[in-house]
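J.: My structure is below; once you've seen it, I'll send some questions.
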Amino acid sequence: MTSRKPDVVLKAHGLDAHYGPVQVLKDVSFEVRRGEVLVILGGSGCGKSTLLKLLTGLKPPSSGNIEFWGTPIETLDDDQLRALRTRLGVSFQSGGLIHSLSVGENVALPLREFGNIPEQTLRTTVRMKLFLVGLAEYEHMMPAELSGGMKKRAGFARALALDPEIVFFDEPSAGLDPIMAAGLDKLILDLRRLLHITVVVVTHELESIRQIADRVLMLDRGEVIFFGPLTEAQNSDHPRLRQFFDRMADEVIAARNI
């Protein structure tokens, strides 16, 4: 009896991306399975933020294609694209909050844009999402009144507003102290378990990667140099993987090769 193949919810094939004449992604291919945490990692300038923009529709690829649930997004019309976006959530690096709106109003934005629900139901939904991320008492506060970690959590709540099936997190623990970063790592895993979501995280934070990743995609100079389970990445003999997971500077590598 053969085992059931994991469901593929997102598939990228042959993605290239340019900024003007500069190519920043080269032939990137991978897939994301339902319910997993995939971490896109690599050093600064490797192309991971650009890849996230492609996956979330903020930038079109120069070539290649992206499929969600088996359907290439370039085949979708405007109404179908709008419907697809309700199944995706995005939490931006800084939280991405609009500073002139309260925390609750920020979380309500996707509901107002994509939903057609009564105001009382909307308010109840906002409170539920804030409760999920530990901000139940902060609905009426302004972003400027929140700490860095709380802004990230508010961004999480907004990403979850429409009950998405896939949630993208951009550098969720960047700029936070280790205790707050660990709390966000745990929150991501708790949300995955409670809401049965698929998670894609872009980060270079080594400890977070070790805590949350099921599989990793490592980019180097815009190309995929590893795609597979975290345990295999950590045990790989590939020089760039070893350098990343052992936290070695380029100068150390150069000295070893003299």
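Taken together, the values in this text are just the output of simple stated rules run on the coordinates, not laboratory data. Fair warning: this is a prediction, and the values are worked out from it, not measured in the lab. Ideal geometry is used to build each Cβ from the backbone, glycine not excepted, and the neighbour counts take in all protein chains shown.
J.: Under 5 Å between amide hydrogens, which residues at least 5 positions from L217 or on another chain qualify, with H placed 1.01 Å from N in the peptide plane?
T.: V39, I40, L41
J.: When 1/r is averaged over all different Cα pairs and the result inverted, which Kirkwood radius in Å belongs to the range 1-151?
T.: Values: mean 1/r = 0.0554 Å⁻¹.
Every distinct Cα pair counted, the radius reaches 18.1 Å.
J.: Along the charge dipole of the chain, Cβ charges K/R +1 and D/E -1, which of G183, F92, F226 sits furthest on the positive end?
T.: Working it through, the farthest residue towards the positive pole turns out to be G183.
J.: A further question follows. With only Lys, Arg, Asp and Glu charged, each at its Cβ (+1 for the first two, -1 for the last two), find how big the charge dipole of the chain is about the Cα centre; round to the nearest 20 debye. Numbers along the way, then the final one.
T.: Values: 30 positive and 33 negative charges, 64 e Å.
With Lys and Arg at +1 and Asp and Glu at -1, about 300 debye.
J.: Check the straight Cα-Cα distances from K53 and name the lysines below 26 Å, setting aside those fewer than 8 residues away within the same chain.
T.: Filter leaves K11, K26, K129, K151, K152, K186.
J.: Give me, ordered by chain and number, the residues 5 or more places off F169 or on other chains with an amide H under 5 Å from its own placed amide H.
T.: S91, V200, V201, V202
J.: Also, quick follow-up: Treating only the Cβ of Lys, Arg, Asp and Glu as charged (+1, +1, -1, -1), what charge dipole size does the range 4-66 show about its Cα centre? Round to the nearest 20 debye.
T.: Approximately 160 debye in magnitude.
J.: Also, quick follow-up: Of the listed values [x] 19.4, 62; [y] 19.0, 69; [z] 19.1, 57, identify the label whose number matches Rg and Dmax of the Cα atoms in Å calculated from this model.
T.: [y]
J.: I would also like to ask the following. Where the centroid of each part is defined by its Cα atoms, how far is the range 154-195 from the range 47-82 in Å?
T.: So the two Cα centres are separated by 22 Å.
J.: Place a +1 charge on the Cβ of each Lys and Arg in the range 94-150 and a -1 charge on the Cβ of each Asp and Glu, then give the dipole magnitude about the Cα centre in debye, rounded to the nearest 20. It would help to have the intermediate numbers written out before the result.
T.: Numbers: 4 positive and 6 negative charges, 29 e Å.
For this selection, approximately 140 debye.
J.: How would you classify the range 12-75 from its alpha-carbon gyration tensor, with a ≥ b ≥ c the square roots of the eigenvalues: rounded for a/c under 1.5, else prolate if a/b is greater than b/c, otherwise oblate?
T.: Numbers: a/c = 2.10, a/b = 1.22, b/c = 1.72.
It comes out oblate by the Cα gyration axes.
J.: If each DSSP helix of 4+ residues adds -39,500 (n - 2.57) and the sum is divided by the residues in the chain, what number results at 222 nm, nearest 500 deg cm²/dmol?
T.: On the way: 10 runs with 99 residues, N = 258.
The helix-only estimate for the chain comes to -11000 deg cm²/dmol at 222 nm.
J.: Then there is this: Taking H placed 1.01 Å from N in the peptide plane, check which residues at least 5 places from K59 or on another chain put their amide H under 5 Å from its amide H.
T.: Result for K59 returns L54.
J.: What is the sum of charges, Lys and Arg at +1 and Asp and Glu at -1, for the other residues whose Cβ falls under 9 Å from the Cβ of P229?
T.: Details: positive: R215; negative: D214, E232.
It works out to a net charge of -1.
J.: Along the charge dipole of the chain, Cβ charges K/R +1 and D/E -1, which of F131, T71, L109 sits furthest on the positive end?
T.: With unit charges placed on the Cβ atoms, the residue in question is F131.
J.: Once you have a ≥ b ≥ c as the square roots of the Cα gyration tensor eigenvalues for the range 120-196, tell me rounded if a/c is under 1.5, and otherwise prolate or oblate according to whether a/b is larger than b/c. Before the final figure, lay out each step's value.
T.: On the way: a/c = 1.96, a/b = 1.16, b/c = 1.68.
In terms of gyration-tensor shape, oblate.
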